[in-house]
Amino acid sequence: MLALTLGVTKSPAEIDWFDVLGEGIVLLVAILWLTLIISSRPAGRVTEWLYYGSLLLVCSFFLDLLDEFIRYPAHIRTMSWLESLPAPIGMLALTYGLIGWHREQRVINRQLQGRELLLRDHRLLDPLTKLYAVDYLYAVLARDLELHRAEQRSLSLLMLNIRQFSAFNRQYGAAAGDDYLIKLSELCSSQLRASDVLCRYVGDRFVILLANTSLQQAKIFAQHMQQHLTKLNHHESNLKIDIVVNEITRLTAKQALQETEEMLKASKAGIAPSVLLPS
Ligand SMILES: Nc1nc2c(ncn2[C@@H]2O[C@H](COP(=O)(O)OP(=O)(O)OP(=O)(O)O)[C@@H](O)[C@H]2O)c(=O)[nH]1
């Protein structure tokens, strides 16, 4: 609107169609970047930097294209500044966001290394969360139990369960439920050490295997996790997560999972206190 108010539309003879093509493509590519960022990134600070950086670039490129069609009086510099200024600021914001993304990716890569210590078979992945599923958990649990027992090191297991997840699905729809599961997995992954393993156990239940970790240390970790998980809460849906902790070095893989499931059941029923009270 400002461009239309300040400038005069050029006649077709004045338009350089080569410039229009070049600048149009640049604008389309910037819009494509913006769309990819919005659709592929989880909400957060890094995404905001990437988003606002791309938005400023889109704005600058759009004005650049517009001046192929609109001529501004030479003494009015407003449009020229509006065209030039957002681009370098956008580039800086985008670069800052990309540095954050790079750091994030390094953390994720470390988690992947941790997860892929035993098996590199992607058929063992859960298709929704991309975490390893229960078959992998059994394999890695059996191996870790043997190793830790032989070396007399402690091994702990955390089981997380989303409370009333079926009601959440009913109220907000299965897509919102899927989205919640993905965000929960990402948040948990981001908190793990390279030696820890996170698996989707079943449905709304996840298991984290903490190598070389005593029950006491695992409880502290679970508290830390519980605090982080509150970030997932939206004002309209305050899902609660039960977390139980079990030191399992003395058990077999099957017993370890069964025993922890029993603890979870007891905690949900209020028979035994969960190691952590839901937030
Ligand atoms: N959206 C979505 N829902 C899932 C998925 N897998 C399991 N569920 C749902 O998770 C719910 C799990 O049900 P329950 O085990 O009874 O758990 P709950 O409703 O949270 O009940 P409590 O744990 O006892 O509080 C079911 O409604 C499943 O349909 C999935 O991949 N996506």
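The values are calculated or read from the model by the stated rules, or taken from the named source; none is laboratory data. Given the structure is predicted, the values throughout are model-derived calculations rather than measurements. Note that we place each Cβ from the backbone using ideal geometry, even for glycine, and neighbour counts take in every protein chain shown.
Things to note:
- Here is the figure for region 166-192: residues that are within 20 Å of the chain's Cα centre (by Cα), under 23 Å from Val244 (Cβ atoms) and near the ligand (Cβ under 7 Å from one of its atoms) total 2.
- Beta carbons closer than 7 Å, at least 6 apart along the sequence or on distinct chains, pair a first residue in region 169-187 that is without any contact (Cβ under 8 Å) to a residue 40 or more places away in the chain and polar (S, T, N, Q) with a second that is within 7 Å of the ligand (Cβ to nearest atom) and in a helix (DSSP H, G or I) for Asn169/Gly177.
- Scanning region 238-251 turns up no residue that is within 9 Å of the ligand (Cβ to nearest atom), free of Cβ contacts under 8 Å to residues at least 60 places away in the same chain and in a loop (DSSP other than H, G, I, E, B).
- Conditions (1) in the same structural domain as Asp178 (by TED's automatic domain parsing); (2) at pLDDT 90 or above; (3) outside any loop (DSSP other than H, G, I, E, B); (4) of a type in the set (A, V, I, L, M); number of the one not met by Val140: (2)
- Residues located in region 151-208, provided they are acidic (Asp, Glu) and part of a helix (DSSP H, G or I): Asp178, Asp179, Glu186
- Checking each residue of region 43-59 against the condition of being within 30 Å of Lys231 (Cα to Cα), at pLDDT below 90, hydroxyl-bearing (Ser, Thr, Tyr) and out of contact with any strand residue (DSSP E or B) (no Cβ under 9 Å at 6 or more places or on another chain) gives at least one match.
- Matching option when the condition is touching a Phe, Trp or Tyr at 6+ places or on another chain (Cβ under 6 Å), without any contact (Cβ under 8 Å) to a residue 60 or more places away in the chain, among the hydrophobic types (A, V, I, L, M, F, W, C) and not assigned by TED's automatic domain parsing to the domain that holds Tyr180, among Ala93, Ala43, Ala74: Ala93
- Hits in region 143-180 (condition: among the hydrophobic types (A, V, I, L, M, F, W, C) and at pLDDT below 90): Leu147, Ala150
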